[in-house]
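For reference, the structure discussed in these notes is given below.
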Amino acid sequence: MRKLFILTACALCAVLTMAQTAAHKPTLMVIPSDAWCIKNGYYTEVDNIGNIQKVPDYRRALQEDMNLKLAIATINDLMAEREFPLQDLEQTLKNIEQTNATMMAVISKEGNSMAESLYDKMTRTAKADIILELTWDITTQGPKNTLSYVLEGKDAYTNKSIGGANGTSTPSIAADVASLLREAVLANIDNFNNRLQMHFEDMFDKGREVTININVFENNAAGIDLESEVGPDQLELIEIIDDWMATNTIQARYTKQFSTENAASYTQVRIPLFKNNGNPMDTEQFARELRNMLRKEPYNIPVKVMPQGLGTCRLIIGEK
């Protein structure tokens, strides 16, 4: 009887886990790929220490290219039909402008700054789980047009590729971009979506992957660094942070890339998708929990949280 009860309980837990996973789908946001923006002239040039980089200008592309708006709307419609929640690129850009989130740097009280790219601001504002980068091209042969496309899914937190889809429409005389794209995408969209869902389900089991960087301000008022011995047990501060990471990550999954007196970096940090109250967990919220622990007794260490994009946060020791 006891064995039967255990088996029944295990089966129930498995069913509940599957039901919870099935109830959630990743939130998506469709954007034009860098290649599409550059090919069509929608970019600005930025001097990065002597290296000229071409940065996509999403706002101008949306304002000037109606086919881009039609293409994004087409992919959004196809995903909405399959019950994926969506964030709209154009509305996200408007939100960034309206909330003054487009500032090029976050300035600390002591004058320290941290640059953040438009892509980082965009993903942080939208808080989509997966970014869908869309590229398409139209070939004309006589009176007929053929559309070829590439759709790549990327984890919004890590920018790692999840999977891609590509295809070509049948030649058509009258069809517009939206119709050609819909026809081409429909051929393999379900296999593509399955890969997106599998990636999201994997995060339920292993956690979402993020990066936490830690720096110490020089000559900070607290007079501490990562090798300072603090607290009742007089452990080095970096040891205390290590212990907190092991306790609060999924299955203690994280990689400490390096640690010095004034800096440390934790990558592949697996955080839960949801907090205990059921609300979504993101990188900034996870970093704030670490900050709150360090600010309280018995440590009383001033710490500032500075998000950079959706998947990276920096904690500054020694300043609020």
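Points to keep in mind about this one:
- Residue that is surrounded by the most Cβ atoms within 10 Å (Cβ to Cβ), among those in region 241-259 that are among the hydrophobic types (A, V, I, L, M, F, W, C) and assigned to a helix (DSSP H, G or I): Ile241
- Of the set (1) under 18 Å from Asp202 (Cβ atoms); (2) touching an Asp or Glu at 6+ places or on another chain (Cβ under 8 Å), all apply to Glu261 but (1).
- Where Gln268 falls short, out of the listed (1) open to solvent by 60 Å² or more (accessible area, probe 1.4 Å); (2) of a type outside the set (Phe, Trp, Tyr); (3) at pLDDT below 95: (3)
- Restricting attention to region 155-175 and to residues that are part of a loop (DSSP other than H, G, I, E, B) and in contact with a helix residue (DSSP H, G or I) (Cβ under 8 Å, 6 or more places away or on another chain), the residue that is most open to solvent (accessible area, probe 1.4 Å) turns out to be Thr170.
- One residue alone among Asn213, Asn220 is in a strand (DSSP E or B), surrounded by 12 or more Cβ atoms within 10 Å (Cβ to Cβ), touching a residue at least 24 places away in the same chain (Cβ under 8 Å) and not aliphatic (A, V, I, L, M), and that residue is Asn213.
- Test: residue in region 5-24 that is outside any helix (DSSP H, G or I) and either farther than 27 Å from Ile189 by Cα or at pLDDT below 95 (or both): yes
The values are calculated or read from the model by the stated rules, or taken from the named source; none is laboratory data. None of these values were measured; they are calculated from a predicted model. Don't worry about glycine lacking a Cβ; one is built from the backbone with ideal geometry, like all the others, and counts go over all protein chains shown. Please note that ligands, DNA and RNA were not included when accessible areas were found on the heavy atoms of the full protein model with its side chains. Shrake-Rupley method; radii C 1.70, N 1.55, O 1.52, S 1.80 Å.
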